[in-house]
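Accompanying notes for the structure given below.
The values are calculated or read from the model by the stated rules, or taken from the named source; none is laboratory data. Just so you know, these numbers come straight off a predicted model, no measurement behind them. Reconstructed Cβ throughout: ideal geometry from the backbone, glycine too, with neighbour counts over all protein chains shown. Keep in mind that these areas ignore ligands, DNA and RNA; they rest on the heavy atoms of the full protein, side chains included. Shrake-Rupley method; radii C 1.70, N 1.55, O 1.52, S 1.80 Å.
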Amino acid sequence: MFPTKKSQVIENLINFSAKELSSYSKKRNYDLGPPHKNVSKLSPYLRTRFITEEEVLKIAVGSNNIKNIEKFIEEIFWRTYWRGWLESHPWIYDEYLNTIQHQPLPKKTGIKCFDYWKEELLDTGYLHNHSRMWFASIWIFTLGYSWQSGANFFKKNLLDYCPASNTLGWRWVAGLQTINKPYLAMSHNIDYFTNGRFHPFNQLNEQVNLNYIEHNSSHVIKFIKPNKIEFKNFDNLGIILNKNDLSLNNIFKIKKMTYECCVYSTEHKNKLVNEFNKNIIQDILNNNKNFEFTENFNQIVDWLTNKKIKNLVLPYETVGNKIFNIEKFKNKLEKLNINYIFLLRDWDRNAFPYATKGFFKFKKNIPDLINLTDIQI
Ligand SMILES: Cc1cc2nc3c(=O)[nH]c(=O)nc-3n(C[C@H](O)[C@H](O)[C@H](O)COP(=O)(O)OP(=O)(O)OC[C@H]3O[C@@H](n4cnc5c(N)ncnc54)[C@H](O)[C@@H]3O)c2cc1C
């Protein structure tokens, strides 16, 4: 289901746009099982910007009237919204990290749909959005496990693991994001939207009363946009690509600037995720023979020194995604006399300031946000 060559990802997206996208809003909530033709399965690529939101939407609007694909565009912006929201509520992620417990699941719970989705996630690294919602709800309200342990289970096994979408998705199901309004998995809804594949009647806890006292999400830290960078005066330019953005170099390529580039990645404990990550990076290396691969800080320092880098660009690191924005690394760069910036793409820069309240308010800005891109509507 998840090719690792960019050319194949684009070909699949072109097919999806031509054949499936016009009925996406009607069909997207059905989980009919793999290969999940009614949804795009783009999340592992968008998460790493192996393909960017702009690239996806250019292809989508190329074969569809924008009016007919509004729902899809909204979904693309959901991840942007969650990431922006977490930027203005960073302590929510720290709280999650501080309260993770490991709660091992029994091999079989006896709830067929839940056991199936668990296996599907372990086998493919993916779950349909509706099944993520049902799975999380059953985890919390029927099986009685903590939402944090569920979020951690997804974190370990998803190809598309995104700290913001995952943590806030689990909090939303748990009734913490929209306070005391949990998402309850209903057996008739599962029966309907799986086309009768599962019917867990009388197996789920379909009624809960929550009484959380909102204490931590009403406070907002204003998102301060980093300074816009001047692309002049960038001699001896180096770019480090990593899982936060595997195509940041294209900004410089379009401007016909010369640069050196390395791709940084470390082992993932999950074999499937590790293999996927390795293969998409290999595709980038195959398509760019002068890019180097690095897997630890010492190799990065050697690369910086060998290439005589004076100006270094790294992908901006949002909450939960810190790799290089740490004192140890920044001190090293200062010692080497290297200027550095963590570059926030305009896509995020324009959207994050609107992501402080609910998605309903945020989405009113989508037409303006699209107008700020070079997507031709
Ligand atoms: C409990 C829970 C945990 C989740 N964890 C993650 C995660 O770690 N990483 C992740 O990328 N998504 C996460 N999601 C959101 C969503 O389930 C996936 O993005 C979606 O299922 C990916 O499948 P797709 O690419 O086929 O989606 P499509 O329906 O084809 O949507 C296109 C793109 O829009 C974005 N998108 C769609 N729905 C959502 C959503 N609800 N929230 C955020 N972005 C969305 C994704 O980037 C997706 O690739 C989670 C949802 C829940 C309920």
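Can we say Val273 is crowded, with 18+ Cβ neighbours inside 10 Å and not in a loop (DSSP other than H, G, I, E, B)?
yes
Just checking, does the stretch 136-156 include any residue being more than 15 Å from the ligand (Cβ to nearest atom), over 28 Å from Ile224 (Cβ atoms) and surrounded by fewer than 18 Cβ atoms within 10 Å (Cβ to Cβ)?
yes
Just the residues that are closer than 19 Å to Leu121 by Cβ and either assigned by TED's automatic domain parsing to the domain that holds Asp283 or more than 10 Å from the ligand (Cβ to nearest atom) (or both), please, taken from the stretch 15-30.
Tyr30
Does the stretch 88-99 include one or more residues that are closer than 29 Å to Arg197 by Cβ, free of Cβ contacts under 8 Å to residues at least 12 places away in the same chain, away from the ligand (no atom under 11 Å from the Cβ) and surrounded by fewer than 16 Cβ atoms within 10 Å (Cβ to Cβ)?
Among the residues of the stretch 88-99, not one is closer than 29 Å to Arg197 by Cβ, free of Cβ contacts under 8 Å to residues at least 12 places away in the same chain, away from the ligand (no atom under 11 Å from the Cβ) and surrounded by fewer than 16 Cβ atoms within 10 Å (Cβ to Cβ), which makes the answer no.
Residue by residue, here is whether (1) outside the structural domain of Glu53 (by TED's automatic domain parsing); (2) free of Cβ contacts under 8 Å to residues at least 60 places away in the same chain; (3) open to solvent by 90 Å² or more (accessible area, probe 1.4 Å) holds:
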residue	(1), (2), (3)
Ser187	yes, yes, no
Asn202	yes, yes, yes
Ile213	yes, yes, yes
His219	yes, no, yes
Lys222	yes, no, yes
Pro226	yes, no, no
Leu241	yes, no, no
Asp245	yes, no, no
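Restricting to the stretch 165-185, name every residue that is assigned to a loop (DSSP other than H, G, I, E, B), under 22 Å from the mean Cα position of the chain (by Cα) and either surrounded by fewer than 18 Cβ atoms within 10 Å (Cβ to Cβ) or in contact (Cβ under 8 Å) with a residue 40 or more places away in the chain (or both).
Leu176, Gln177, Thr178, Tyr183
Go through the stretch 31-65 and report how many residues are over 14 Å from the mean Cα position of the chain (by Cα), open to solvent by less than 10 Å² (accessible area, probe 1.4 Å) and within 11 Å of the ligand (Cβ to nearest atom).
Looking only at that region, the number is 5.
Given the residues Leu105, Leu159, which is the only one that is away from the ligand (no atom under 11 Å from the Cβ), closer than 24 Å to Met1 by Cβ and among the aliphatic types (A, V, I, L, M)?
The unique qualifying residue is Leu105.
Can you tell me how many residues within the stretch 109-131 are of a type in the set (D, E, K, R) and within 19 Å of Asn270 (Cβ to Cβ)?
Counting residues in the stretch 109-131 that are of a type in the set (D, E, K, R) and within 19 Å of Asn270 (Cβ to Cβ) gives 4.
Just to check your reading of the model, which residue among Lys308, Lys363, Lys328 is outside the structural domain of Thr167 (by TED's automatic domain parsing), touching a residue at least 60 places away in the same chain (Cβ under 8 Å) and more than 27 Å from Val220 (Cβ to Cβ)?
Lys308
Taking the stretch 15-29, which residues are under 21 Å from the mean Cα position of the chain (by Cα) and surrounded by fewer than 18 Cβ atoms within 10 Å (Cβ to Cβ)?
Ser25, Asn29
Which of (1) within 20 Å of Tyr116 (Cβ to Cβ); (2) more than 10 Å from the ligand (Cβ to nearest atom); (3) open to solvent by 10 Å² or more (accessible area, probe 1.4 Å) does Arg132 not meet, given it meets every other one?
Every listed condition holds for Arg132 apart from (2).
Identify all residues within the stretch 210-269 that are touching a strand residue (DSSP E or B) at 6+ places or on another chain (Cβ under 9 Å) and in a helix (DSSP H, G or I); write none if there are none.
Those that are touching a strand residue (DSSP E or B) at 6+ places or on another chain (Cβ under 9 Å) and in a helix (DSSP H, G or I): Asn249, Ile251, Phe252.
Conditions first: (1) in contact (Cβ under 8 Å) with a residue 40 or more places away in the chain; (2) within 11 Å of the ligand (Cβ to nearest atom). Leu127 passes all but one, so which condition is the exception?
Condition not satisfied by Leu127: (1).
Among the residues that make up the stretch 154-164, is at least one of them at pLDDT 95 or above, assigned to a helix (DSSP H, G or I) and more than 16 Å from the chain's Cα centre (by Cα)?
no
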